[in-house]
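Here the structure comes first, spelled out in structure tokens, and everything after it is commentary.
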Amino acid sequence: MTGERAACVVGDPVEHSLSPVIHGYWLATHGIAGRYDRRHVPPERFPDFFRTLRDEGYVGANVTVPHKEMAARLVDRLDRSAEGIGAVNTVWFEDNLLVGANSDAYGFVAHLDQAVPNWRDSVRTILIVGAGGAARAVLHGLSLVPDTVISIANRTRERADRLASESKGTAKGFALSDIEALIAEADLIVNTTTVGMTGGATVEWPVARAPETAIVYDIVYAPNVTPLLRTANARGLRTVGGLGMLLHQAVLGFEKWFGVTPKVDEGLRRNVMARLVAGD
Ligand code: ATR
């Protein structure tokens, strides 16, 4: 190996990606002479950029909006996660072939495992709110958990039904207007929509109806405590924030590119939080 290893995040826009902060922290704490760049590439230039990734000096990359689906079509091989989700967020080279994976499902479950270690013992009924790309990744992660019933509720009912039908019977689609009844039955409630995000829409979450043993997981991480989590906290429910999913999904790429399995620890969390608070 000559020189430092380099990876990047490629997106459009990409300025607000926190991936450089995460990988920069791990490179520094592991004393690795590596580099992690932000590369702004619009859709029309993405296929070329992707094909010449290695010539650009990269051992791999993270792929973010709006390129995740296109990346899934362009890689030489998809791993099981990317095949199941239909989108790629992490790529690396294996025997000269570009391999694509999706670490969002893993990140979602790994953070839940860390935040509520025994959740699998009590969670049988799951409510996923939203039916976009994030919901698809969450559904993939949760569909690997045995003996669960999964409901997907979405503002646009047809998208919920479509996602449910892709799950091959694991999940059932509902309208958002069904949410009160669904929440009343749910052991795990997951928000995958953009509702509650800084500057975004807010809705009244009928969390008062949730069982008192329910776990509420919001994958939105800015703000750190969303209105949904605040309401759930006030009711004394167990809550899980979205930042941990972002941190855990980054583990796979770092491991593939730099050969070390990094830890999601308090130092990393503090570093990324500081950047979020600074509004970078
Ligand atoms: P992502 O890939 O990040 O999941 P997306 O595909 O745009 O992004 O999906 C965003 C999700 O948030 C969708 O489920 C969307 O509902 P629709 O399918 O009806 O668009 C949901 N969403 C966004 N704004 C919302 C709002 N104000 N109320 C309820 N749901 C909302």
Residue match in the range 169-186 (condition: away from the ligand (no atom under 11 Å from the Cβ), surrounded by 15 or more Cβ atoms within 10 Å (Cβ to Cβ) and under 30 Å from M273 (Cβ atoms)): yes
Residue among D147, D113 that is part of a loop (DSSP other than H, G, I, E, B) and more than 16 Å from the ligand (Cβ to nearest atom): D147
Hits in the range 132-144 - residues which are open to solvent by 50 Å² or more (accessible area, probe 1.4 Å), in a loop (DSSP other than H, G, I, E, B) and within 8 Å of the ligand (Cβ to nearest atom): none
Pick from the range 191-209, criterion within 12 Å of the ligand (Cβ to nearest atom), in contact (Cβ under 8 Å) with a residue 24 or more places away in the chain and more than 19 Å from G236 (Cβ to Cβ), ranking: farthest from the chain's Cα centre (by Cα): T202
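Residue by residue, here is whether (1) free of Cβ contacts under 8 Å to residues at least 60 places away in the same chain; (2) of a type in the set (V, I, T); (3) open to solvent by 60 Å² or more (accessible area, probe 1.4 Å); (4) away from the ligand (no atom under 15 Å from the Cβ) holds:
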position: V109; (1), (2), (3), (4): yes, yes, no, yes
position: I126; (1), (2), (3), (4): no, yes, no, yes
position: L188; (1), (2), (3), (4): no, no, no, yes
position: A214; (1), (2), (3), (4): yes, no, no, yes
Residues of the range 31-55 satisfying the condition of being over 14 Å from V91 (Cβ atoms) and open to solvent by 80 Å² or more (accessible area, probe 1.4 Å): R35, R38, H40, E44, R45, D48, D55
Output for the range 260-275, where each listed residue is part of a helix (DSSP H, G or I) and out of contact with any helix residue (DSSP H, G or I) (no Cβ under 8 Å at 6 or more places or on another chain): E266, R270, A274
Strands (runs of 3 or more DSSP E) (entirely within the range 161-259) containing at least 3 residues that are modelled with pLDDT of 95 or more and β-branched (V, I, T): none
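The values are calculated or read from the model by the stated rules, or taken from the named source; none is laboratory data. Just so we're clear, the structure is a prediction, and the values are computed from it rather than from any experiment. Virtual Cβ from ideal backbone geometry, glycine too; neighbours counted across all protein chains shown. All accessible areas refer to the heavy atoms of the entire protein, side chains included, with ligands and DNA or RNA removed. Shrake-Rupley method; radii C 1.70, N 1.55, O 1.52, S 1.80 Å.
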